[in-house]
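Contents: one structure, followed by commentary.
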Amino acid sequence: MFPNLDKLPVYDNTGVNERVQRFCTRSIKKSSKTAGLKLALSMIDLTTLEGKDTKGKVQQLCYKAMHPHDSLKNIPTVAAICVYPSYVGVAKKALQGSNIQVASVATAFPSGQSALDVKLSDTKFAVDQGADEIDMVISRGEFLAGNYQFVFDEIAAVKEVCGKAHLKVILETGELDTLENVRKASEIAMYAGADFIKTSTGKIQPAATMPVTYVMLDAIKDFYLKTGKMIGMKPAGGISTSKIALQYLVMLNEVLGEKWMNNNYFRFGASSLANDVLMQLVKAETGVYQSINYFSKD
């Protein structure tokens with residue numbers, strides 16, 4: 001069902017920024033901080049999406065996903081590994097026996113500039129290779145031209161090809177210009193069948209921001225109240241420190257509540273975040289920071 005885009009909330013940038021700042025000033029107790037850091041780690045999609053990716057690099061990333069820091073006890077693994085379709089099979093084999101999902105970008109990532117049959121073929125290949133999740137990009141050019149039905153139909157077609165794989169729809173919010181456009185794109189994606197909505201590809205700036213994520217969480221809340229269906233959220237790109245991740249979790253809890261506070265409904269697309277979270281967990285356990293040289297760069 002195509003959404004009604006005529007009666008959506010209007011967002012005041014100043015008001016949204018002020019609301020977001022309140023999330024950033026919440027006081028967090030030490031025990032809650034440690035629990036929050038472990039939760040953030042469990043929500044990370046470790047990602048490698050470079051032209052120089054190799055089988056060895058993907059295997060190394062999968063090892064890190066399963067063994068974030070062997071000297072730390074009682075810490076979770078990450079949620080997923082995200083790779084190009086050609087490395088899905090490598091990741092599936094390397095992650096065998098774990099609960100870590102394999103996500104794959106598709107649909108002419110990151111530009112989305114290809115014909116629908118190419119996008120569907122790209123998606124089908126990733127699913128056939130064993131992808132548990134598909135991260136697709138919307139056609140931002142069509143969206144900005146006002147061709148909303150085109151964007152809706154494209155998402156719905158990709159969702160159908162996904163089969164049992166979950167679909168994460170990337171809005172590339174840095175190219176959508178306004179918070180109203182972010183809300184419209186969120187509505188279109190959710191009504192077209194998205195299981196998650198995601199801010200960014202990580203390939204352009206700005207990527208994830210708290211104001212944009214707030215608007216998307218607000219859209220998810222309204223969609224849930226109307227339909228009873230829970231949609232996941234994935235801010236991606238630019239979230240590199242534990243402090244920022246905890247602020248996102250505060251916002252998630254206050255906007256959507258406890259039911260969304262798990263990796264079934266919230267992810268961080270931020271590979272560099274993992275090392276900072278691990279450093280903070282080492283500090284909490286030992287009282288001292290471990291050198292960054294003890295952590296792999298990938």
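The values are calculated or read from the model by the stated rules, or taken from the named source; none is laboratory data. From a predicted model like this one, the values you see are computed outputs, not experimental measurements. Quick reminder, even Gly has a Cβ in these numbers, built from the backbone with ideal geometry, and neighbours come from all protein chains shown. All accessible areas refer to the heavy atoms of the entire protein, side chains included, with ligands and DNA or RNA removed. Shrake-Rupley method; radii C 1.70, N 1.55, O 1.52, S 1.80 Å.
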Qualifying residue in the stretch 245-252 (condition: open to solvent by less than 30 Å² (accessible area, probe 1.4 Å) and within 23 Å of Gly193 (Cα to Cα)): yes
Condition check for Asp218: touching a Lys or Arg at 6+ places or on another chain (Cβ under 8 Å), in contact (Cβ under 8 Å) with a residue 24 or more places away in the chain, farther than 24 Å from Gly15 by Cα and not polar (S, T, N, Q): no
Selected residue [farther than 24 Å from Lys203 by Cβ, at pLDDT 95 or above and not in a loop (DSSP other than H, G, I, E, B)] from Leu225, Leu278: Leu225
Residue pairs meeting the criteria (Cβ under 7 Å; at least 6 apart or on separate chains; first within 19 Å of Thr48 (Cβ to Cβ), in the stretch 107-122; second modelled with pLDDT under 95): Pro110/Lys203
Complete set of residues in the stretch 259-275 that are modelled with pLDDT of 95 or more and open to solvent by 10 Å² or more (accessible area, probe 1.4 Å): Lys259, Met261, Asn262, Asn263, Asn264, Tyr265, Arg267
In the stretch 224-243, the residues that are surrounded by fewer than 20 Cβ atoms within 10 Å (Cβ to Cβ) and hydrophobic (A, V, I, L, M, F, W, C): Leu225, Met230
Residue among Glu133, Glu160, Glu154 that alone is touching a helix residue (DSSP H, G or I) at 6+ places or on another chain (Cβ under 8 Å) and among the acidic types (Asp, Glu): Glu154
Residue selected from the stretch 13-69 under the condition among the polar types (S, T, N, Q) and farther than 23 Å from Val250 by Cβ, by the criterion least open to solvent (accessible area, probe 1.4 Å): Thr48
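Residue-wise test of (1) within 20 Å of Gln21 (Cα to Cα); (2) in contact with a Cys (Cβ under 7 Å, 6 or more places away or on another chain); (3) assigned to a helix (DSSP H, G or I).
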{"site": "Lys168", "(1), (2), (3)": "no, no, no"}
{"site": "Tyr191", "(1), (2), (3)": "no, no, yes"}
{"site": "Gly202", "(1), (2), (3)": "no, no, no"}
{"site": "Ala208", "(1), (2), (3)": "yes, no, no"}
Residue match in the stretch 154-163 (condition: part of a helix (DSSP H, G or I), open to solvent by 40 Å² or more (accessible area, probe 1.4 Å) and over 15 Å from Thr123 (Cβ atoms)): no
The stretch 187-210, residues that are within 16 Å of Glu142 (Cβ to Cβ) and not hydrophobic (A, V, I, L, M, F, W, C): Glu187
